[in-house]
Every structure is written in C-alpha cells, then in structure tokens.
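K.L.:
Encoded as structure tokens, here's the structure I'll be asking about.
The values are calculated or read from the model by the stated rules, or taken from the named source; none is laboratory data. Every value quoted in this text rests on a predicted model; they were computed, and no experiment measured them. Counting neighbours? That spans all protein chains shown, and the Cβs are built from the backbone with ideal geometry, glycine included.
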Amino acid sequence: MAKKSKKKEETPKVHKDLEGFKMNIDSFGEISSSFPIDKLNEFLNKNVEDKKLKDREDIDDIKKGKDK
C-alpha cells in the first residue's frame, strides 16, 4: 500500500501590497476574496499595463489616480 504524503500548504510569493491576499472558489463557482475589489483594481491599474489603453494621452493621470 502506498503512503500518502502530507502536503504542506505553502504561501506563494506575492507583491508586498498584496500580502494576505487569498481567493477561493466554492462549489457553486462563486469567487470570494480577502481583499475588496476596489483595492485589487487600484493595484492592477498601478502595476499592470493595459494594452487597450496604452495609446491614450491621459494614461499617466489614470495610473496616478487623478480624476478629470
């Protein structure tokens, strides 16, 4: 009979702004997160280049969080 090895749950390496971020999907396909969606969107706007918006003139203002 084969032995079952116990897997240690390792925490993945993440950006310092996303420490403690966890995302789960339940049996109904519902996604739950430990961070509010607004905070995730703010992080993504600052750190990820959107290919669709790269030619816009006001992209720097959007990244800095300035409103018109």
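K.L.:
Could you count how many residues in segment 1-38 are among the charged types (D, E, K, R) and in contact with a helix residue (DSSP H, G or I) (Cβ under 9 Å, 6 or more places away or on another chain)?
P.N.:
1
K.L.:
Taking only pairs six or more apart or across chains, which ones have beta-carbon atoms under 7 Å, a first residue in segment 8-25 that is touching a residue at least 24 places away in the same chain (Cβ under 8 Å) and surrounded by 10 or more Cβ atoms within 10 Å (Cβ to Cβ), and a second residue that is not small (Gly, Ala, Ser) and not in a loop (DSSP other than H, G, I, E, B)?
P.N.:
Asp17/Phe43; Leu18/Phe43
K.L.:
Residues to consider are Lys39, Lys46, Lys54; find the one that is charged (D, E, K, R) and either surrounded by fewer than 10 Cβ atoms within 10 Å (Cβ to Cβ) or touching an Asp or Glu at 6+ places or on another chain (Cβ under 8 Å) (or both).
P.N.:
That would be Lys54, the only listed residue that is charged (D, E, K, R) and either surrounded by fewer than 10 Cβ atoms within 10 Å (Cβ to Cβ) or touching an Asp or Glu at 6+ places or on another chain (Cβ under 8 Å) (or both).
K.L.:
Give just the number: which of (1) assigned to a helix (DSSP H, G or I); (2) at pLDDT 85 or above does Asp60 not satisfy?
P.N.:
Unmet condition: (2).
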